[in-house]
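What follows is a short report on a single structure.
The values are calculated or read from the model by the stated rules, or taken from the named source; none is laboratory data. Since the model is a prediction, treat every value here as computed from it, not as a measurement. We place every Cβ from the backbone using ideal geometry, glycine too, and count neighbours over all the protein chains shown.
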Amino acid sequence: MDGGTFIGRRALATALMSLALVGATRADPVEDFYRGKTLTVLVGVGAGGEYDFQTRLVARHIGRHIPGNPATVAQNMVGATGLLMANHLYNLAPKDGTVIGLIQNGLPSFQAMGIPGVNFNAAKFNWIGSISPTVETMATWKGSGARTIEDARKKTLIAGANGRSGITYTFPKLLNELLDTKFNIVSGYQSVNEINIAMERGEADARNNSWTSWKTSKNDWIVNKNISIIVYAGPRPADLDGAPSIEELTKNDEDRQLARLVTSGSLLGHPFATAPGVPAERVKALRDAFSAMLKDPEFIKDVVAARLEIDEVTGESLQRTVDELMAMPAAVRERGRKLVD
């Protein structure tokens with residue numbers, strides 16, 4: 001072998017090695033994993049309402065921001081006001097990042113209270129993000145004869161709820177406990193739409209709902225003054241006038257802690273999570289994709305059309321809120337538990 005041939009072969013080998021190194025550097029294991037797969041986005045309630053809407057909104061947009069651009073599909077898994085789905089996501093769903101879920105925001109507080117049926121540890125979910133915090137409201141129907149919190153203290157009002165494991169039940173129960181209202185809570189409605197129909201028929205006088213959900217699904221009720229917001233929990237929206245906050249009306253620090261525990265979902269907003277055990281690099285990719293989606297002009301266009309607001313709650317922030325819930329004083333958590341017993 002002459003020297004020139006040896007040098008040429010060595011140069012070729014070096015070049016091939018360099019190309020291999022470049023290829024290895026450029027390889028993205030997250031992109032390779034998600035390419036050709038389907039991301040399932042679960043929600044634990046039926047069609048209609050803000051949870052279902054936001055699930056489908058995120059499913060429509062997030063895929064193009066995940067490396068590998070997986071297909072996406074929204075799926076309803078109805079049962080126990082979201083508890084069935086949360087238990088499924090934690091215990092049975094694949095722990096590979098191909099399934100995420102929109103968790104009912106009151107469920108972490110249910111765990112803190114020790115409510116039976118919670119078969120997950122909210123602190124071990126991999127929290128992804130939330131479009132914005134929420135503001136919980138209690139609204140009365142125009143035919144109820146009650147338009148203020150004072151009215152609700154004087155007469156018994158039927159409050160519709162879709163199960164005992166959600167904020168539609170716990171919020172009026174909290175108001176009865178702290179503000180001496182007289183809500184007779186009728187649970188068992190299969191969806192929020194059924195509660196709305198019951199209000200229109202005069203079968204129910206009131207219901208809990210988030211302020212953004214009212215604007216998204218029943219803005220005509222607001223404009224036509226079919227409903228009155230008599231109290232709210234969370235940050236005061238600029239466009240919600242007149243109603244007092246539950247914290248303004250509570251009597252002492254322990255009552256305010258109880259209110260924060262029960263309404264802690266307002267800090268979580270509509271929080272998306274994936275199962276424990278998902279590889280950290282995929283969790284990061286999902287969080288990054290969620291943040292990028294919130295800046296996507298196409299996503300923003302849909303948000304504006306739906307009268308929603310974007311005020312990102314990051315996965316890390318969701319995790320801190322959940323940890324704080326678990327650290328609430330035992331006496332406060334016990335009072336919360338009794339609200340749902």
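Within region 75-167, which strands (runs of 3 or more DSSP E) (wholly inside it) include 2 or more residues that are small (Gly, Ala, Ser)?
By residue number, 126-130, 157-160.
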In this structure, does VAL43 turn out to be surrounded by 19 or more Cβ atoms within 10 Å (Cβ to Cβ) and either in contact (Cβ under 8 Å) with a residue 24 or more places away in the chain or assigned by TED's automatic domain parsing to the domain that holds ASP96 (or both)? yes
If I filter region 305-321 down to residues being in contact with a helix residue (DSSP H, G or I) (Cβ under 8 Å, 6 or more places away or on another chain) and more than 22 Å from PHE125 (Cα to Cα), which single residue comes out as surrounded by the most Cβ atoms within 10 Å (Cβ to Cβ)? LEU308
State which residue is surrounded by the most Cβ atoms within 10 Å (Cβ to Cβ) when the search covers only region 274-298 and only residues that are touching a residue at least 60 places away in the same chain (Cβ under 8 Å) and not in a helix (DSSP H, G or I). THR274
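Yes/no per residue for (1) surrounded by fewer than 13 Cβ atoms within 10 Å (Cβ to Cβ); (2) closer than 27 Å to PHE53 by Cβ:
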{"residue": "ILE246", "(1), (2)": "no, yes"}
{"residue": "ASP253", "(1), (2)": "yes, no"}
{"residue": "PHE272", "(1), (2)": "no, yes"}
{"residue": "ILE300", "(1), (2)": "no, yes"}
{"residue": "VAL303", "(1), (2)": "no, yes"}
{"residue": "ASP323", "(1), (2)": "yes, no"}
{"residue": "MET328", "(1), (2)": "no, no"}
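If you scan region 158-172, which residues turn out to be hydrophobic (A, V, I, L, M, F, W, C) and surrounded by fewer than 24 Cβ atoms within 10 Å (Cβ to Cβ)?
Within region 158-172, just ILE158 meets the criteria.
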Among the residues of region 227-238, is any at pLDDT below 95, farther than 30 Å from ALA93 by Cβ and in a helix (DSSP H, G or I)? no
Selection status of THR98, without any contact (Cβ under 8 Å) to a residue 60 or more places away in the chain, under 21 Å from ASP28 (Cα atoms) and β-branched (Val, Ile, Thr): no
